[in-house]
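Here's the structure we're looking at; comments come further down.
The values are calculated or read from the model by the stated rules, or taken from the named source; none is laboratory data. These figures come from a predicted structure and were not determined experimentally. Neighbour counts run over all protein chains shown; Cβ positions are idealised from the backbone, glycine included. Heavy atoms of the whole protein, side chains included, go into the accessibility calculation; ligands, DNA and RNA do not. Shrake-Rupley method; radii C 1.70, N 1.55, O 1.52, S 1.80 Å.
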Amino acid sequence: RCEEEDVEMTEDAYAVLTRIGLETSLRYAMQLITAASLVARKRKGAEVGVEDIKRVYSLFLDESRSTQYMREYQEAFLFNELREYLGTS
């Protein structure tokens with residue numbers, strides 16, 4: 001994917017991205033490549049580094065972390081008010 005998008009990446013960043021792909025999904029890891037490339041470009045870096053990967057990982061949730069977040073904060077979301085209005089649980 002990096003070759004297709006002309007993204008240069010350090011070996012350490014590849015290792016971190018590989019681990020993320022193994023723990024989440026390949027699709028999620030591949031989507032981080034583009035975002036990390038933009039972060040690296042913004043800091044005027046020649047290649048994507050570990051810090052760039054960490055930055056986008058903190059900004060974009062994978063399915064598992066997204067589900068966990070929704071469970072933790074469900075009371076704060078509008079759909080919870082709708083359930084209360086309709087009288088359902």
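From the list Ala13, Ala40, Ala35, which residue is in contact with a Gly (Cβ under 6 Å, 6 or more places away or on another chain) and open to solvent by less than 100 Å² (accessible area, probe 1.4 Å)? Every option except Ala13 fails the conditions.
Pairing each residue of region 1-18 that is within 12 Å of Gln31 (Cα to Cα) with any residue that is open to solvent by 60 Å² or more (accessible area, probe 1.4 Å) and not in a loop (DSSP other than H, G, I, E, B), provided the two are 6+ apart or on different chains, yields C-beta distances under 8 Å for Arg1/Met30. Does Thr67 qualify as being surrounded by 12 or more Cβ atoms within 10 Å (Cβ to Cβ) and of a type in the set (Val, Ile, Thr)? So Thr67 fails the test.
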